[in-house]
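Supplied in structure tokens, the structure appears directly below.
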Amino acid sequence: GPPSPAPVATTIAITDIGDDLLCEIFLRLPSLPSLVRAALACRAFLHAVRSSPAFRRRFRAVHPPQILGFFNAGIHSLIPLDGRSDHDLAAAVHGSDFRFIRLPKDRDHSRCEILNGCHDRCGYVFLCNEDTNQIAAYIPLKRALYIVPCPPQETCDPHCHDFRIIFSEDDQRSFRVVCVQQKLARFSVFSSDSREWQSISWVDTSTPQHGDDGGDNCVLSPYTDTVMTEFDRLAYWKDKNTGYIVVLNTVTLQLSRMDLPQPLKDKDSTQFELGRTNAGKLCMVCADGFGATKTMIAVWIWRADGDGLDKWMQHKVFPLNTFIDVTACSAEYGVITVQVVVVIDGFVFLCIDFGSLTKFFLSFCLETENVNEFFNHTFHNDIHPYIMAWPPSLLSNK
């Protein structure tokens, strides 16, 4: 019979692929830097990512926080991960300013002192300029500087205060700075819209309230006397001498209180960090044990009990042997100190100090319990994991 007709080649343009299918493809990319490079390849790809806030949540749910390295606050430098073969990771760090040499020329960066290191997924550090008596949040990855006046406290010494900045995820030009005057539990909130500070003081009451309305939250770094954490609309503050956490709603300026778990109330001082699980639940992670030796990592989640009342419920306890050979390390180094550095999207970052300035860094997933070891090295300063924030270029605004 007659020969069959040759198949006709069809051409499919990029614009013929719908946004939903593109997002499903992008979910399978290995990392956030890979997504950035792919999205910026053409307008169709960028539109697909920008037009779906749900995609942003789904991508975060299936990818761990993107750690670019460890920020050394003492020498203003980023200790990169061994990502020489990861071109996307190298591209993300390229052009950053972790040595602070690109600050405005009229501001002597050599006199800027770091008040807060990088403790969350926004990637900022708080700076204090002794000459101008100003504070600023600086994002080295983007070279973005947010300058604000000192809060109207009785004393304007920034070293007596703890600072955090809360960005609107849809528009980072809109932000709030939260400041707490240590020891006095006096809160101040600066709004980028009004360019003004508003202050409120905490007065202890006997009726505890949970103060969590379900918004995203972040954690402030630990201090000798206080620990503060902030997440989107809420800021959490803890004094080591109290058995509860003060919660500040930065929009309404309402203060409330949430009690610590009873086992933590009974301890004189417990170092913990607040964060979110992968499902968005508020959680508390602390190194626990006896005396100077911390033998376990305890995880508590804020959720309803059998009576429907929200309270801290113990989720899991991880023996320290889950991460290291405690017996061998104790025999070689002596006392081992464990610090919970930060909790982000269900991942816990730990620093294990073996003494003699030797520190070992790792993270583990609360859901899968998978452990990711980074490195161990000798450090003379505190270092913190530097997490890549969701880039503004991938948001649906101009």
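The values are calculated or read from the model by the stated rules, or taken from the named source; none is laboratory data. Please read these numbers as outputs of a predicted model, since none were measured by experiment. Positions of Cβ are backbone-derived with ideal geometry, glycine not excepted, and every protein chain shown enters the neighbour counts. Keep in mind that these areas ignore ligands, DNA and RNA; they rest on the heavy atoms of the full protein, side chains included. Shrake-Rupley method; radii C 1.70, N 1.55, O 1.52, S 1.80 Å.
So D266 passes all but one of these: (1) surrounded by 16 or more Cβ atoms within 10 Å (Cβ to Cβ); (2) at pLDDT below 90; (3) closer than 29 Å to T327 by Cα. Which condition number does it fail?
D266 satisfies all of (1) surrounded by 16 or more Cβ atoms within 10 Å (Cβ to Cβ); (2) at pLDDT below 90; (3) closer than 29 Å to T327 by Cα except (1).
Of everything in the stretch 66-87, what is of a type in the set (S, T, N, Q), surrounded by 15 or more Cβ atoms within 10 Å (Cβ to Cβ) and within 17 Å of L29 (Cα to Cα)? Give them in sequence order.
Applying the first criterion (of a type in the set (S, T, N, Q)) to the stretch 66-87 yields 66, 72, 77, 85.
Now narrow it down to the ones that are surrounded by 15 or more Cβ atoms within 10 Å (Cβ to Cβ): 66, 72, 77.
Passing the criteria: only Q66.
Could you please let me know if T224 is among the polar types (S, T, N, Q) and at pLDDT 60 or above? Reasoning before the result, please.
Working: among the polar types (S, T, N, Q): yes; at pLDDT 60 or above: no.
No; evaluated as a whole, the condition is false for this residue.
Go through the stretch 17-35 and give me each residue that's in a loop (DSSP other than H, G, I, E, B) and open to solvent by 30 Å² or more (accessible area, probe 1.4 Å). Please lay out each step first, then the result.
Keep residues of the stretch 17-35 that are in a loop (DSSP other than H, G, I, E, B), which gives 17-18, 27-31.
Passing the criteria: I17, G18, R28, L29, P30.
Consider D120 carefully, then state whether it is in contact with a strand residue (DSSP E or B) (Cβ under 9 Å, 6 or more places away or on another chain), part of a loop (DSSP other than H, G, I, E, B), at pLDDT below 65 and open to solvent by less than 20 Å² (accessible area, probe 1.4 Å).
So D120 fits the description; yes.
Same structure, new question: If A13 satisfies every condition in (1) modelled with pLDDT of 90 or more; (2) open to solvent by less than 90 Å² (accessible area, probe 1.4 Å); (3) not basic (K, R) but one, which is the exception?
(1)
So how many residues does the stretch 55-65 have that are part of a helix (DSSP H, G or I) and open to solvent by 40 Å² or more (accessible area, probe 1.4 Å)? Steps first, please.
If we filter the stretch 55-65 for residues that are part of a helix (DSSP H, G or I), which is where we start, we get 55-62.
Next, only the ones that are open to solvent by 40 Å² or more (accessible area, probe 1.4 Å) stay: 57-58, 60-62.
Final tally of qualifying residues: 5.
If you don't mind, there's one more thing I want to ask. Go through the stretch 41-59 and give me each residue that's touching a Phe, Trp or Tyr at 6+ places or on another chain (Cβ under 8 Å) and within 17 Å of E169 (Cα to Cα).
Result: V49, F55, R56, F59.
Here is a follow-up. Could you run through the stretch 128-147 and say how many residues are open to solvent by 60 Å² or more (accessible area, probe 1.4 Å) and either in contact with a Leu (Cβ under 6 Å, 6 or more places away or on another chain) or at pLDDT 80 or above (or both)?
Here the count works out to 2.
Another question about this same structure. Which one of A38, A48, A44, A90 is in contact with a helix residue (DSSP H, G or I) (Cβ under 9 Å, 6 or more places away or on another chain) and open to solvent by less than 20 Å² (accessible area, probe 1.4 Å)?
Numbers: A38 fails: open to solvent by less than 20 Å² (accessible area, probe 1.4 Å); A44 fails: open to solvent by less than 20 Å² (accessible area, probe 1.4 Å); A90 fails: open to solvent by less than 20 Å² (accessible area, probe 1.4 Å).
None of the other options fit; the residue is A48.
Something else about it: Could you check, for the stretch 252-259, whether at least one of its residues is open to solvent by 10 Å² or more (accessible area, probe 1.4 Å), part of a loop (DSSP other than H, G, I, E, B), over 12 Å from W302 (Cβ atoms) and modelled with pLDDT of 85 or more?
Applying the first criterion (open to solvent by 10 Å² or more (accessible area, probe 1.4 Å)) to the stretch 252-259 yields 252-257, 259.
From the residues that got through so far, the ones that are part of a loop (DSSP other than H, G, I, E, B) too are 252-253.
If we keep only those that are over 12 Å from W302 (Cβ atoms) too, we end up with 252-253.
Applying the additional criterion that residues be modelled with pLDDT of 85 or more yields 252-253.
Yes, the stretch 252-259 contains a residue that is open to solvent by 10 Å² or more (accessible area, probe 1.4 Å), part of a loop (DSSP other than H, G, I, E, B), over 12 Å from W302 (Cβ atoms) and modelled with pLDDT of 85 or more.
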